[in-house]
Amino acid sequence: MMTHDASNTDHAVSAQTELARWQQGLAATCARTTLFREAFVLAEVASTQDALETRSARPGTFVTTLRQTQGRGRFGRSWEDTAETGVAVTFVIDAQPSERLVLASAVAAAEACERSLGRRVGIKWPNDVVVDGRKLSGVLIERRDERALVGIGINVRQVSFPEPLSKRAISLAMLGARVDRLDVLATLVETLDRALVASDETLVAAFLERDALQGQRALFATPAGPVEGEVRAVDPMRGLVVRTDAGELFLPAGSTSVAEWAGRSAK
């Protein structure tokens with residue numbers, strides 16, 4: 001019994017030490033940015049998007065956690081959470097068009113991952129960072145009142161994923177990067193800060209340099225039903241031109257999602 005209590009005590013002390021390290025490190029990161037002024041670091045939360053600290057936060061704040069257990073993705077999909085191995089963060093900013101926020105966030109996440117890997121990654125429209133067709137990072141944008149909540153998840157230290165994720169998910173560690181989660185998060189704060197004040201033209205160019213979907217055959221979910229075809233053109237803020245057996249269709253960004261591509265489910 002004494003050993004069990006001692007173990008619990010050691011774990012609590014370790015968690016408090018890590019919380020303090022993250023809080024101090026992120027405060028220093030905020031001081032280097034234009035838009036972000038305050039960081040909240042939580043020990044554990046179901047989702048940073050739904051945390052009490054996020055609900056009451058002012059623009060210029062971001063909320064992160066050492067452990068997220070029930071992350072959410074676009075169109076109600078779940079985000080695979082694996083204890084203390086990934087980065088989960090929600091940035092609270094002034095509301096602006098969601099298409100631009102998705103673009104800026106995807107570019108920022110890609111650049112943060114590239115900084116850790118030392119190599120270029122891809123972006124699968126509209127917001128997934130991918131390597132070899134496998135998801136490394138995702139973005140979720142939600143609007144609440146006059147605020148936008150930009151949720152970003154990055155797979156950092158996972159060494160494997162359970163089925164059926166093993167063929168469609170990947171982490172920085174699996175790609176050879178041995179990095180601290182805090183360093184990845186600090187880099188993300190800085191890349192998002194730059195992306196949010198960049199011009200639309202700069203963001204579009206950065207996206208298209210990393211576009212992983214053009215030329216791919218994919219299955220899309222739309223309000224009118226599934227659409228399958230080859231992606232002929234990508235406008236990251238408007239949508240896709242897809243060539244189907246019945247001709248070319250334009251699929252708008254706000255109501256379209258990728259259901260399957262390159263032989264992989266996008267769920």
Note to self: Can you give the FRET efficiency to the nearest 0.05 for S14 and V179, using r as the Cβ-Cβ distance and R₀ = 30 Å?
What the structure shows: 0.90
Notebook entry, point to check: If R0 is 30 Å, what FRET efficiency do you get for D235 and V159 from their C-beta distance, rounded to 0.05?
Noted result: 0.20
Note to self: So if each residue of separation counts as 0.36 nm, and I subtract the Cα-Cα distance between D94 and L52, what length gain in nm does that give?
What the structure shows: 13.3 nm
Notebook entry, point to check: So who's got an amide H within less than 5 Å of the one on L213, skipping anything under 5 residues away but keeping other chains? H placed 1.01 Å off N, in plane.
Noted result: W125
Item checked: Over segment 109-267 - Rg/Rh using Cα atoms and the Kirkwood inverse-distance radius -> 0.97
Notebook entry, point to check: Once you put a point 7 Å from the Cα of E84 and another 7 Å from the Cα of D200, both along the Cβ direction, what distance in nm separates them?
Noted result: 4.5
Check: Tell me, what HN-Hα J-couplings in whole Hz come from the Karplus equation 6.51 cos²θ - 1.76 cosθ + 1.60 at θ = phi - 60° for each residue of segment 207-214, using x for Gly and Pro?
Finding: 5, 5, 5, 10, 4, 9, 9, 4
Check: Out of residues 5 or more away from K135 or on other chains, whose amide H comes under 5 Å of its own, with H placed 1.01 Å from N in the peptide plane?
Finding: A169, I170
Next item on the list: Could you line up T54, T85, T34 from fewest to most neighbouring Cβ atoms inside 10 Å?
Entry: T34, T85, T54
Notebook entry, point to check: What's the center-to-center distance, using Cα atoms, between segment 134-155 and segment 185-201 in Å?
Noted result: 14
Next item on the list: Give the angle, between 0 and 90 degrees and rounded to the nearest 10, that separates the Cα long axis of helix 2-30 from the longest principal axis of the Cα atoms of the chain.
Entry: 60
Next item on the list: For segment 154-223, compute Rh as the Kirkwood radius over C-alpha pairs and then the Stokes-Einstein diffusion coefficient at 4 °C and 1.567 mPa s; write the answer in µm²/s, rounded to an integer.
Entry: 86
Note to self: List the trypsin sites (Lys or Arg not before Pro) within segment 99-199 that DSSP assigns to loop and that have no more than 10 neighbouring Cβ atoms inside 10 Å.
What the structure shows: R178
Check: Among L140, L165, L26, whose mean-square fluctuation peaks in a Gaussian network model of the chain (Cα, cutoff 10 Å)?
Finding: L165
Check: Relative to the longest principal Cα axis of the chain, at what angle does helix 98-117 sit, 0 to 90 degrees, rounded to 10?
Finding: 60
Notebook entry, point to check: If R0 is 22 Å, what FRET efficiency do you get for D145 and E38 from their C-beta distance, rounded to 0.05?
Noted result: 0.75
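Rule-based calculations on the coordinates, nothing more; no lab input. All values derive from a computational prediction rather than experimental measurement. Because the Cβ atoms are built from the backbone with ideal geometry, glycine has one as well, and the counts that use them run over all protein chains shown.
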